[in-house]
């Protein structure tokens, strides 16, 4: 491990782009690791199963095909995953709008699990943000909004970006992903 150093340039110029990109990826990796660990501790699950639980909280009755699209996983993989969630009492499968479609709903235990997952995620993000003073936090907020808007290219991508979001904290009218998808942009 290297000694801690000040990353600001003495000449006042912006930091090197490659250095900044490396910091972003290191931060994203660490955040993903902490989120994965929290999901394992909170819900006993990792990966897209936790995303499925959160996504179904916000869109009850989603079909397996729709959930597979949101998670960007193969439909057979989604069938297996949702069956495992059903067997553990987190998801309920009900008849969908036609004979070939199943509608997925969280059980009461699934809703509790989704709430716990979101609280754990929020706590990790809050811990990271607590290192920032209010002015820097505002700057980071604006930067995140800009970056999320620029990374949202279509509805499927937007749904995938937001698959683990707390949509109560980030309603559609404030969500940068939703704003990027509005036709008036």
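The values are calculated or read from the model by the stated rules, or taken from the named source; none is laboratory data. Predicted model, so just to flag it, every value in this text is computed and none were measured. FYI the Cβ positions are ideal-geometry reconstructions off the backbone, even for glycines, and counts take in every protein chain you see.
Of the helices (runs of 4 or more DSSP H) that lie entirely inside segment 15-101, those containing 3 or more residues that are under 15 Å from the mean Cα position of the chain (by Cα) span 17-43, 48-58, 64-71. In the set (1) more than 26 Å from residue 27 (Cβ to Cβ); (2) at pLDDT 95 or above; (3) surrounded by fewer than 15 Cβ atoms within 10 Å (Cβ to Cβ), the condition left unmet by residue 132 is number (1). Among the residues of segment 103-115 satisfying the criterion of being part of a strand (DSSP E or B) and touching a helix residue (DSSP H, G or I) at 6+ places or on another chain (Cβ under 6 Å), which is surrounded by the fewest Cβ atoms within 10 Å (Cβ to Cβ)? The residue in question is 106.
Does residue 137 meet the test of being in a helix (DSSP H, G or I), on the phi < 0 side of the Ramachandran plot, under 17 Å from the mean Cα position of the chain (by Cα) and exposed (fewer than 15 other Cβ atoms within 10 Å of the Cβ)? If you could, list the steps in order and put the result at the bottom.
Working: in a helix (DSSP H, G or I): yes; on the phi < 0 side of the Ramachandran plot: yes; under 17 Å from the mean Cα position of the chain (by Cα): no; exposed (fewer than 15 other Cβ atoms within 10 Å of the Cβ): yes.
Against the criterion (in a helix (DSSP H, G or I), on the phi < 0 side of the Ramachandran plot, under 17 Å from the mean Cα position of the chain (by Cα) and exposed (fewer than 15 other Cβ atoms within 10 Å of the Cβ)), residue 137 does not qualify.
Given the options 170, 165, name the one that is surrounded by 14 or more Cβ atoms within 10 Å (Cβ to Cβ), part of a loop (DSSP other than H, G, I, E, B) and without any contact (Cβ under 8 Å) to a residue 40 or more places away in the chain.
Values: 165 fails: without any contact (Cβ under 8 Å) to a residue 40 or more places away in the chain.
The match here is 170.
Candidates 46, 72: the one that is under 23 Å from residue 177 (Cα atoms), surrounded by fewer than 15 Cβ atoms within 10 Å (Cβ to Cβ) and touching a helix residue (DSSP H, G or I) at 6+ places or on another chain (Cβ under 8 Å) is 72. Could you list all residues from segment 158-172 that are more than 18 Å from residue 119 (Cβ to Cβ) and within 10 Å of the chain's Cα centre (by Cα)? Matches in segment 158-172: 159, 160, 161.
Here is a check on your reading of the model: is residue 88 touching a helix residue (DSSP H, G or I) at 6+ places or on another chain (Cβ under 9 Å) and closer than 27 Å to residue 168 by Cβ? Break it down into steps so the answer makes sense when it comes.
On the way: touching a helix residue (DSSP H, G or I) at 6+ places or on another chain (Cβ under 9 Å): yes; closer than 27 Å to residue 168 by Cβ: yes.
Yes: the conditions hold for residue 88.
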